[in-house]
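What follows is one structure encoded as structure tokens, with my remarks underneath.
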Amino acid sequence: MMPRLKQMNPVFLVLILLFAAIAILSPYFLQPAGYMNFLKRAAPIAILAVGQLYVINSGGFDLSAGALVTLTVIGSSILLDGDASATWWVIIVMLGAGVIVGVANALVVSWLKVPSIIATLGMMITLSGIALTWSGGAPRGYLPENFRFFGRYLIKDLPLIKILPVAVIVMVVVCAAMWWLMHRTNYGKRLVAMGDNPKAAMLAGVPLTETRIVAFVMSSVSAVIAGILLGGFAGVSTDVGVGLELQAITAAVIGGAQLLGGRGTVGATIAGALVLQAMFTLLNILGFPKPVRDVVQGLILISAVVIAGYRRRRSGG
Amino acid sequence: MKVPKPKNMTALAPFLLLLAAVVIYVGVAIATGQTQYLTAENLLGLLGRSIALGITAIGQTFAILIASIDLSVANLISVSAVLASSIMSGDPSMMLPAVAAVLAVGVVVGLINGLVITQFEVNPLIATLGMALILQGLLSATFNNFAGEVPEAFQVFAYGQVGGISISLIFLIGLTIAAWVFLRFTKPGSNIYSVGGNPDAAKLAGMRTTRVVIMAHVICSVCATIAGLYLASRLRSGAPWIGRDGVYDLESIAVVVIGGTALSGGRGGVWGTLMGVMIFSLIDSIFNIAGVDAFAKQILRGVIIVAAVAVYAMRSRRIEA
């Protein structure tokens with residue numbers, strides 16, 4: 001039992017401790033309304049982080065995710081402008097845009113041999129340029145109720161848990177699908193092999209370009225889904241996605257993902273996202289001003305990497 | 001077709017890109033009949049508008065040469081500008097203490113970055129990203145508007161002129177020459193190339209690689225604080241958002257890479273970076289003359305960064321992330 005416990009990813013322990021602290025300080029979070037609301041707020045970061053994990057495990061970064069979230073919210077609101085009948089095709093168009101962005105990122109990295117940090121940085125600047133040009137710099141349009149359903153609606157009067165936000169269902173479904181692809185298919189193995197050693201993976205017959213395209217598309221599509229959720233519960237603004245890509249990377253790193261080469265798991269990454277959100281919640285309960293979040297995020301980001309490196313060296317990995 | 005030797009390309013590519021940018025600039029100015037933009041004064045002014053980016057990018061060159069990177073420069077610029085202007089508070093006698101304090105902050109931040117990277121073996125992206133978040137948080141927890149005031153004597157840094165050339169431009173070129181001499185002719189300078197090119201070989205050759213990495217990060221952070229001093233002098237006061245607004249972290253990395261310094265370290269130099277800065281300001285002016293919408297400008301900028309890096313990357317057949 002003991003060795004098992006030692007091998008367990010410490011992120012789960014941290015998560016339990018944080019939840020305990022939150023529950024003691026504010027019993028509201030023990031009630032369904034409290035923890036469901038918490039999960040709802042964590043849903044976009046969890047989805048983004050798991051998408052980002054695909055790119056991190058492939059050995060790269062996706063810095064364009066946050067800008068894509070903004071573009072999704074701004075674009076949907078302009079295209080829809082309150083017209084509820086158009087919601088479905090706008091969602092399909094946005095997911096299609098996500099696929100295009102992901103493929104473009106991957107091809108720039110694969111064909112033009114541009115490091116992913118620069119390629120996605122260029123994409124980030126381009127996407128926020130498009131969002132600003134399109135909207136003229138200020139939020140326009142209006143999101144109809146059935147678009148906001150995903151982020152805002154609560155299914156009420158359920159037995160046991162009483163309420164269930166639709167955002168949480170979306171999070172569970174999307175993360176389960178991405179868990180399956182990462183940990184139960186050959187694709188997942190190829191992805192990790194490529195992140196570990198691209199040359200060896202190529203010689204072993206891994207199609208690098210195709211593998212990379214899927215990884216970047218997963219990240220971009222998850223950004224679009226996160227954007228749809230955020231548009232639902234946070235509303236339309238031009239800075240809704242700012243900094244989210246860094247939160248996603250932070251969450252993946254807290255979960256133990258190793259930068260520039262696979263090792264991260266979907267479960268631990270979701271736990272990482274919840275740790276981040278729990279930390280923000282805790283700071284909020286304790287009455288710290290918002291900027292303190294940044295300081296804490298920076299400190300836990302560095303310490304997560306230090307601890308992961310220490311564990312790896314000790315276990316001889 | 002014969003492939004040119006990489007070594008020649010590295011020196012030549014930024015120059016060719018710069019030449020192309022100049023040709024397009026001249027072409028657009030003539031085509032739109034705005035030949036008043038073609039005076040020597042105007043061309044010098046181009047660089048003058050990017051002093052802060054230039055100073056930051058010279059520092060960033062050191063970090064990238066040792067195969068590291070510094071994402072904390074933008075927030076450090078804000079910290080430096082706000083700190084300088086609050087210490088000075090319009091009092092000329094406080095100029096020296098303020099500059100000393102700000103430079104000391106730069107040394108400390110660079111030391112911490114370098115120590116976290118070398119002692120805890122934290123990936124530099126993460127280490128400096130964490131530092132960026134910490135600096136930003138501390139800053140916005142303390143200030144939310146313009147803070148303090150810069151005395152008139154200090155505004156000379158941004159607005160003063162010697163023989164018709166602005167002092168800040170002379171400073172930038174002087175800094176570039178100093179950095180070039182340091183990298184080209186001194187032992188610590190050549191150590192930077194050795195450590196960046198192959199850290200294991202440098203270590204086996206008896207070099208104290210951790211010291212070199214820490215030194216490069218200190219230089220990078222100190223340059224960022226100088227850029228902050230310049231911006232405080234230019235805006236006459238420090239604001240906690242100036243670093244973020246200028247996107248100095250990502251832009252400085254972009255110009256260094258466009259200037260031909262490899263992200264994998266060990267190759268490149270500060271003259272390339274200076275050319276990268278000029279290419280960036282030329283692109284900006286081309287858009288201005290051509291009357292491109294401010295937001296559309298940003299779209300083109302993103303595309304150009306990627307395209308320019310692709311020009312370098314195409315010749316390297318390595319598989320990179």
Subset of the range A:131-157, residues touching a Leu at 6+ places or on another chain (Cβ under 7 Å), within 12 Å of another protein chain (Cβ to nearest Cβ) and either of a type in the set (D, E, K, R) or surrounded by fewer than 21 Cβ atoms within 10 Å (Cβ to Cβ) (or both), comes to none
Quick count over the range B:128-175, residues being of a type in the set (Ser, Thr, Tyr) and surrounded by fewer than 22 Cβ atoms within 10 Å (Cβ to Cβ), is 4
Exercise. Does the range B:105-112 include one or more residues that are within 22 Å of B:VAL255 (Cβ to Cβ) and within 14 Å of another protein chain (Cβ to nearest Cβ)?
Worked result: yes
Within the range A:225-244, the count of residues that are modelled with pLDDT of 90 or more and farther than 16 Å from A:PHE149 by Cβ comes to 1
For this session: Report whether or not A:VAL168 is surrounded by fewer than 21 Cβ atoms within 10 Å (Cβ to Cβ), part of a helix (DSSP H, G or I) and of a type in the set (Val, Ile, Thr).
Result: no
Among residues of the range A:263-278 being crowded, with 22+ Cβ neighbours inside 10 Å and within 14 Å of another protein chain (Cβ to nearest Cβ), the residue nearest to A:VAL172 (Cα to Cα) is A:GLY272
The number of residues in the range A:189-234 that are touching a helix residue (DSSP H, G or I) at 6+ places or on another chain (Cβ under 6 Å), more than 20 Å from A:ILE78 (Cα to Cα), in a helix (DSSP H, G or I) and β-branched (Val, Ile, Thr) is 5
Of those in the range B:243-278 that are of a type in the set (A, V, I, L, M, F, W, C) and surrounded by fewer than 24 Cβ atoms within 10 Å (Cβ to Cβ), the residue farthest from A:LEU121 (Cα to Cα) is B:TRP271
Here, helices (runs of 4 or more DSSP H) confined to the range B:9-90 with at least 2 residues that are buried (at least 24 other Cβ atoms within 10 Å of the Cβ) are B:51-65, B:73-88
Note on the range B:273-301: residues of a type in the set (Phe, Trp, Tyr) and closer than 30 Å to B:LEU175 by Cα are B:PHE280, B:PHE287
Those residues of the range A:251-303 that are hydrophobic (A, V, I, L, M, F, W, C) and over 18 Å from the mean Cα position of the chain (by Cα) come to a total of 10
Being under 15 Å from A:ILE300 (Cα atoms) and either part of a helix (DSSP H, G or I) or without any contact (Cβ under 8 Å) to a residue 12 or more places away in the chain (or both) narrows B:GLY110, B:GLY130, B:GLY114 down to just B:GLY130
Q. At pLDDT below 95 and either under 17 Å from B:GLY54 (Cα atoms) or surrounded by 20 or more Cβ atoms within 10 Å (Cβ to Cβ) (or both): does that describe B:ALA205?
A. no
Checked B:SER78, B:SER86 against criteria (away from chain A (no Cβ under 14 Å), in contact with a strand residue (DSSP E or B) (Cβ under 9 Å, 6 or more places away or on another chain) and in contact (Cβ under 8 Å) with a residue 24 or more places away in the chain); the one match is B:SER86
Residue set A:SER58, A:SER85, A:SER64, A:SER110; condition of a type in the set (S, T, N, Q) and in contact with a Gly (Cβ under 6 Å, 6 or more places away or on another chain); output residue A:SER58
Quiz item: Is it the case that the range B:152-169 has a residue that's within 14 Å of chain A (Cβ to nearest Cβ) and either assigned to a helix (DSSP H, G or I) or of a type in the set (Phe, Trp, Tyr) (or both)?
Solution: no
So, first residue facing another protein chain (nearest Cβ under 9 Å) in the range A:295-317, second residue hydroxyl-bearing (Ser, Thr, Tyr) and part of a helix (DSSP H, G or I), Cβ within less than 7 Å, six or more apart or across chains; the pairs are A:GLN297/A:THR250; A:LEU301/A:THR250
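The values are calculated or read from the model by the stated rules, or taken from the named source; none is laboratory data. Only a predicted model underlies this, so the values are computations on that prediction, with no experimental measurement involved. Ideal geometry is used to build each Cβ from the backbone, glycine not excepted, and the neighbour counts take in all protein chains shown.
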